[in-house]
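Q: The structure follows.
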Amino acid sequence: MTHAAEPETDDGFAAFATAAWPRLVRTAQLLTGDFHEAEDLVQTTLAKVYGRWRRIPAEGVDLYVRRALVNNNLSRLRRRRVAHLLVPVLPEPARHRDAGHAEHVEERAVLLAALADLSARQRTVMVLRYWDDLTEQEIADVLQCSIGTVKTHARRGLAALRAHPRLASGPAPLPAPPPLPGPPLRTPYGARP
């Protein structure tokens, strides 16, 4: 005698994954630089999150998933670095063309190339801050670091992007940050920039 197994409830995971998929893939694409790797990264992340879904507090789901996405991307980069050390010549990555106007495609390619030149942490901070529009505190929570570390990565990442040759010669360079209000800060060694 066989009993029909009752389907297990996913406690809202499927609805969350369906709603979050496009946003997570966009974020992952900026982190990885490749659409297919981004989809793989999100799929891997959601598979790992599903295993712990019932233990994740409802109010902390977004933070948990973003942290998992960032950590899985960093692990992917470490594995790639090891493969690069083991294989003397890596195959060329496939280039995928986006539909749309040629100038938009070129702008996107330039931006992705400039982001790829940043360190993994700087790139992560840039994507979370300027694409996902997270606050410095939220980014610090995702990366499990201090706000000062987030600010440092953001400042250095913006400086690197502004100095990037392809962005500087492109149609619209990144705007300069607004001046800080009030007098410049003084230290025993003079004014800080």
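All of the numbers you see were taken from the coordinates with simple rules; none came from a lab. Everything quoted here is computed from the prediction, not taken from an experiment. In this analysis, Cβ positions are derived from the backbone assuming ideal geometry, glycine residues included, and neighbour counts consider all displayed protein chains.
Q: With θ taken as phi - 60° and the coefficients 6.51, -1.76 and 1.60, list the Karplus ³J(HN,Hα) couplings across region 132-144 in order, rounded to whole Hz; mark glycine and proline as x.
A: Running phi through 6.51 cos²θ - 1.76 cosθ + 1.60 with θ = phi - 60° gives 7, 6, 7, 6, 4, 5, 5, 5, 4, 5, 5, 7, 6 Hz.
Q: Within 10 Å, count the other beta carbons around each residue, average over each peptide in 65-71, 108-114, and list them highest first.
A: 65-71, 108-114
Q: Follow-up question, since we're still on this one. Can you pull the Kirkwood radius for region 7-46, inverse mean 1/r over Cα pairs, to one decimal in Å? Mind showing how you got there, number by number?
A: Values: mean 1/r = 0.0946 Å⁻¹.
One decimal place: 10.6 Å for the Kirkwood radius.
Q: With a point put 7 Å past each Cα toward its Cβ, work out how far Arg156 is from Asn71 in nm, to one decimal.
A: Using points 7 Å along Cα→Cβ, the separation is 2.3 nm.
Q: Still on this model: Sorted by packing (mean other beta-carbon atoms within 10 Å per residue), highest first, where do 11-21, 154-164, 28-38 land? Write down the numbers at each step before the final one.
A: On the way: 11-21: 14.0, 154-164: 17.2, 28-38: 19.6.
The densest-packed peptide leads the list: 28-38, 154-164, 11-21.
Q: Evaluate the distance, in nm, between pseudo-label points positioned 7 Å from the Cα of Arg23 and of Asp10 along their respective Cα→Cβ axes.
A: Roughly 1.7 nm, to one decimal.
Q: How far, in nm, would the chain grow between Gln137 and Ala163 when pulled straight, counting 0.36 nm per residue and subtracting the alpha carbon separation? Don't skip to the answer; put the middle values down first.
A: On the way: separation 26, 0.36 × 26 = 9.36 nm, distance 2.66 nm.
Here the answer is 6.7 nm.
Q: Between Ser119 and Phe35, what is the label-to-label distance in nm when each label sits 7 Å out along the Cα-to-Cβ direction?
A: In this crude spin-label approximation the distance works out to 3.2 nm.
Q: Spelling out what I want: for every residue of region 20-31, take phi, set θ = phi - 60°, compute 6.51 cos²θ - 1.76 cosθ + 1.60 (Karplus), and round to whole Hz; glycine and proline get x.
A: 8, 3, x, 5, 5, 5, 4, 5, 5, 5, 5, 6
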